[in-house]
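Just below is one structure, and these are the notes that go with it.
The values are calculated or read from the model by the stated rules, or taken from the named source; none is laboratory data. Since we're looking at a predicted model, the values are computed, not measured. Backbone-built Cβ (ideal geometry, glycine too); neighbour counts: all protein chains shown. Heavy atoms of the whole protein, side chains included, go into the accessibility calculation; ligands, DNA and RNA do not. Shrake-Rupley method; radii C 1.70, N 1.55, O 1.52, S 1.80 Å.
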Amino acid sequence: MPNNKVISIRLSTGWLAVVSLLGLVSVFFFCEYLIYYPVILRCAWPKLSAVRGGEVADGRSTGSTLRAMVLSDTHLLGAVGGHWFDKLRREWQMERGFQTALWLLRPEIVFILGDIFDEGKWSTPTNWEDDVRRFHRMFRHSTDTELVVLVGNHDIGFHYEMDWSKLQRFEKVFNSTSTRILTKKGINFLLVNSVALHGDGCPICQSVEKELVKLSRDLSCSLQHYPLYRVSDASCTGEDAAPPEERHLLFREKYDVLSKEASQKLLQWFKPRLILSGHTHSGCEVLHDNSYPEISVPSFNWRNRNNPSFILGSHSLSKCFLPEESTVIAVYSSAGALLLLAVMAHCLCFKSVGPLLPCLSLCALIGKHKYL
């Protein structure tokens, strides 16, 4: 029969294994699920300046204030350039971030400002259907929330790559058009396919411009994928702005931003109170012609930045950040280090009787000596 010391070692090893397993499960559950709740709970809709009678300062009822959530550049990886683990990891992160935000914040409408997919510009029909299926699973929503999706250059290709078949494939799936006005609770949103605003007379460009001329009138908000023309991100600041070493890089017209000509046309035709755009993957606030504010919405994908964020809009705007990936990595690393220290401590405590318990002690997992 084993002596008391051997029994004690076996019990200690068993308890260490159980506690380690529970600890790993808890850390995994926190990092992959729970962490989104305390982070997003710090977000809030812009506060209403309420007065008597349940009205805000401009006379509208507080109940008539629209709650809109805006995000951009989800870049679901495709079959060509997307590694299966990278796809699994990034899509799970976006799904948990989006579903947690829906549950906690209850937006009435959600806008995604293009580049839904990373490889829509060249994906085959089979791959396209798979990408669309995954998107609908990740960004599922109740009937109380309307989802509005805009097209980006990665969805149908850059200007020189896009064609009618890619555009119509996208529009059919997301029930969208290249230009339209969406009105919600008295707010007019101009939705624009900015990939087609190159002014070079291409058939799609001509069609889009013709529709824009018809819709030309004052609007509350313009939403598009490409930002209006600006030289660089040099004036951008904030947590989600481009890194300092990238802010002075010059933007290319019709590639990084719209051309000067297209930008001026949009401003002159619509005189929007606000422009929301994506594409750059970083946040920025710009005032065009000293009159028209534009906000660039960062990428929602951790693959593109450490701290994804989205916009909450009602009568004004606020920004909401998701958990930083560096925080998640730090939690996993700390948990791994603690587990390693616990196993090493266990080995040191019972090293003298290790030879009596071949393959029982967890020391065998990290020890350099073989028991004889």
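A few comments on the model shown:
- Among the residues listed as SER277, SER296, SER282, SER259, the single one being among the small types (Gly, Ala, Ser), touching a residue at least 40 places away in the same chain (Cβ under 8 Å) and within 22 Å of VAL328 (Cα to Cα): SER282
Yes or no, residue by residue, for (1) open to solvent by less than 50 Å² (accessible area, probe 1.4 Å); (2) modelled with pLDDT of 90 or more; (3) assigned to a loop (DSSP other than H, G, I, E, B); (4) farther than 20 Å from LEU150 by Cβ:
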| residue | (1), (2), (3), (4) |
| --- | --- |
| GLU171 | yes, yes, no, no |
| ILE181 | yes, no, no, no |
| PHE189 | yes, yes, no, no |
| VAL195 | yes, no, no, no |
| ASP200 | no, no, yes, yes |
| SER235 | no, no, yes, yes |
| HIS248 | no, no, yes, yes |
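- If the condition is being in a loop (DSSP other than H, G, I, E, B) and surrounded by fewer than 17 Cβ atoms within 10 Å (Cβ to Cβ), then the range 252-263 contributes ARG252, TYR255.
- Hey, VAL148 buried (at least 16 other Cβ atoms within 10 Å of the Cβ), in contact (Cβ under 8 Å) with a residue 40 or more places away in the chain and out of contact with any His (no Cβ under 8 Å at 6 or more places or on another chain) or not: yes
- The single residue among LEU21, LEU66, LEU48, LEU88 that is in contact with a Ser or Thr (Cβ under 9 Å, 6 or more places away or on another chain), modelled with pLDDT of 75 or more and not aromatic (Phe, Trp, Tyr) turns out to be LEU66.
- Filtering the range 143-160 to residues that are assigned to a loop (DSSP other than H, G, I, E, B) and in contact with a helix residue (DSSP H, G or I) (Cβ under 8 Å, 6 or more places away or on another chain) leaves THR145, VAL151, GLY152, GLY157, PHE158, HIS159.
- Some residue of the range 209-226 being under 27 Å from the mean Cα position of the chain (by Cα) and at pLDDT 90 or above: no
- Of the residues making up the range 264-320, those that are open to solvent by 20 Å² or more (accessible area, probe 1.4 Å), in contact with a strand residue (DSSP E or B) (Cβ under 6 Å, 6 or more places away or on another chain) and not in a strand (DSSP E or B) are LEU274, THR280, HIS281, ARG305.
- For VAL110, the stated conditions hold: it is at pLDDT 90 or above and open to solvent by less than 50 Å² (accessible area, probe 1.4 Å).
- Test: TYR332 is open to solvent by 60 Å² or more (accessible area, probe 1.4 Å) and aromatic (Phe, Trp, Tyr): yes
- Residue check for GLU324: modelled with pLDDT under 90 and open to solvent by 20 Å² or more (accessible area, probe 1.4 Å): no
- Checklist (1) part of a helix (DSSP H, G or I); (2) open to solvent by less than 30 Å² (accessible area, probe 1.4 Å) applied to VAL213, failing item: (2)
- Among the criteria (1) open to solvent by 20 Å² or more (accessible area, probe 1.4 Å); (2) in contact (Cβ under 8 Å) with a residue 40 or more places away in the chain, the one SER165 does not fulfil is (2).
- Residues of the range 179-216 satisfying the condition of being under 28 Å from SER64 (Cα atoms) and not hydrophobic (A, V, I, L, M, F, W, C): THR179, ARG180, THR183, LYS184, LYS185, GLY186, ASN188, SER216
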